[in-house]
Amino acid sequence: MLRRLMTRRALALLLLAACAKPQSTTPFCRGGEPHVVQTPFFGVGVEGHPVALQFRAQFCLEDPLPETPPRFVVIGPDDAESPFELRDAGFSNLGTEVTVAFTPQKPGTYYVRGDLSGGQGVVQFFVPVARDATKASPTMLPLASAQDCVAAQPFGRSGAVCQRYGMPLLVLEPSLPGGQATLPQAAGMATAGDTVWLANFVGSALEHYRLRDGGFALEGVLPLQSGEGALVDLGTSSDGQAIFSLQQHGTRLVAAVDGGLVATSVLTEMTFGTCLSGDTLAIRGTKGARLQRLDGGDSHEALGGTYFSGCTSGSLWFAGTSSGGVATVGRTGAQLQADGGEAPLQSTSMGQGSFLAGPTHSAPFLVPMNDLTGLSDQGSLWGEVFVPAWTDAGIALEWYGDGVGFFATETQVLKAGDGGLFLYPRP
């Protein structure tokens, strides 16, 4: 398994000490200035799994330094020192290197501090460590071609809907005859309980299906006018309505009424980056996220320099970058107040070389670049699956093994893995 073999060598940090006397013959020391090299990509540790961090320093000195053993300390999330060992230490008059290895026993942020040689090559490094959520027993939905899913969402109590390129939607649900059923090919789809909303493949209508008596019944159709453009986004609200964006017509809210579908309102003229959490609409703008209430309350720019990366019924998730280039993930649980008051935000570092991915109407997935192992046949990122989670102590990370993360709610995480789709309960 990738997680057992991984040493997180991409967590390398190349530090060069300040140079009193530049050594021009050394390729690292040009122009009389110390040359600092930092590897930007690093992954996320997992509780109970080994972590190995390799540090190197290049010294720009004419006179060789005396060989001095490196000194380090690892501080855990409870501010207590954690056991570690130093491996593969090497020293020369030009530089030194060492690997700091430890096994985190609890999730949280670990702080690695030290120097590589007598005060030269000072190291300060933070390592996020995720909770091992694979200890929970998932519901497995067998599917030999799980990598064929370009998108998937939870359905009902223990099922999922798989969207496949150029093929009908595949519904996997134990209560169905044979455990599965199909729905028409779709350009986009969203689920809510035992219902499925889809934009048909030709983009001419929005359709609403409900599971009834072991099969699906078409509950309503909303024709879309030609010239309104292609579907950009489709999701559901917490009260069972659908929210969808068309290329030429902005974002609309749709409700099921008397066996049909009615577009109740135009939420925004924006056609991308909208997300509905309760009565709060988040809109991704060029300068940051804007929040507004559906009942006509004030709207305001929120969290300048950040963008929202997903939402659930009780959370809006944001991502940003600090002045030091470290990526962060933040979550606000309170909805926007009627007077436009800003909801409180909790955030944590997810480090350099990591980004957030996933559908807009889902909690985001954290993707460390060095944990990617390839692409599925449909272009999905295959690697370690991490999801940020809200806890009483703030934001933590959860790890769900390797595969493709598709959808995450407050209570479930859906991913593709070897042999099918896996629906995990969240801790």
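Residue-by-condition table, conditions (1) farther than 27 Å from residue 368 by Cα; (2) surrounded by fewer than 18 Cβ atoms within 10 Å (Cβ to Cβ); (3) in contact with a strand residue (DSSP E or B) (Cβ under 7 Å, 6 or more places away or on another chain); (4) at pLDDT 90 or above:
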| site | (1), (2), (3), (4) |
| --- | --- |
| 56 | no, no, yes, no |
| 60 | yes, no, no, no |
| 75 | no, yes, yes, yes |
| 104 | no, no, yes, yes |
| 111 | no, yes, yes, yes |
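Evaluate the stretch 202-209: report whether one residue or more is surrounded by 16 or more Cβ atoms within 10 Å (Cβ to Cβ), at positive phi and of a type outside the set (A, V, I, L, M, F, W, C). Lay out the reasoning, then the answer.
Residues of the stretch 202-209 that are surrounded by 16 or more Cβ atoms within 10 Å (Cβ to Cβ), as a first pass: 203, 206-209.
If we keep only those that are at positive phi as well, we get 203.
So of that shortlist, the ones also of a type outside the set (A, V, I, L, M, F, W, C) come out as 203.
Yes, there is a match, as at least one residue in the stretch 202-209 is surrounded by 16 or more Cβ atoms within 10 Å (Cβ to Cβ), at positive phi and of a type outside the set (A, V, I, L, M, F, W, C).
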**OP:** Tell me which residues, restricted to the stretch 149-160, are surrounded by 18 or more Cβ atoms within 10 Å (Cβ to Cβ) and over 16 Å from residue 405 (Cβ atoms).
**Re:** 155, 156, 159
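Pick out the one residue from 172, 176 that is buried (at least 22 other Cβ atoms within 10 Å of the Cβ) and not small (Gly, Ala, Ser).
Working: 176 fails: buried (at least 22 other Cβ atoms within 10 Å of the Cβ).
That would be 172, the only listed residue that is buried (at least 22 other Cβ atoms within 10 Å of the Cβ) and not small (Gly, Ala, Ser).
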**OP:** Considering only the stretch 304-421, give the strands (runs of 3 or more DSSP E) lying wholly within it that have at least 3 residues that are at pLDDT 90 or above.
**Re:** 381-391, 394-408, 412-417
Original post:
Are there any pairs, at least 6 apart or on different chains, whose C-beta atoms fall under 6 Å, with the first in the stretch 407-418 and touching a residue at least 60 places away in the same chain (Cβ under 8 Å) and the second surrounded by 18 or more Cβ atoms within 10 Å (Cβ to Cβ) and among the polar types (S, T, N, Q), and if so, which?
Top reply: 407/153; 407/362; 408/362; 409/312; 410/312
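For residues that are assigned to a strand (DSSP E or B) and under 13 Å from residue 194 (Cβ atoms), scanning just the stretch 159-179, find the one that is farthest from the chain's Cα centre (by Cα). Show your work before the answer.
We begin by selecting, within the stretch 159-179, every residue assigned to a strand (DSSP E or B); these are 159-164, 169-172.
With the extra rule that they be under 13 Å from residue 194 (Cβ atoms), the set shrinks to 159-161, 171.
Details: 159: 22, 160: 20, 161: 20, 171: 25 Å.
Once the filter is applied, the top-ranked residue is 171.
State all residues of the stretch 127-186 that are basic (Lys, Arg) and closer than 21 Å to residue 236 by Cβ; if no residue qualifies, say none.
Residues satisfying the conditions are 157, 164.
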**OP:** Residue by residue through the stretch 129-146, note down the ones that are surrounded by 15 or more Cβ atoms within 10 Å (Cβ to Cβ), modelled with pLDDT of 90 or more and not in a loop (DSSP other than H, G, I, E, B).
**Re:** 129, 130, 131, 132, 133, 134, 139, 141
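The values are calculated or read from the model by the stated rules, or taken from the named source; none is laboratory data. Values in this document were obtained by computation on a predicted structure and should not be read as measured data. Positions of Cβ are generated from backbone atoms using ideal geometry, with glycine treated the same way; all protein chains shown enter the neighbour counts.
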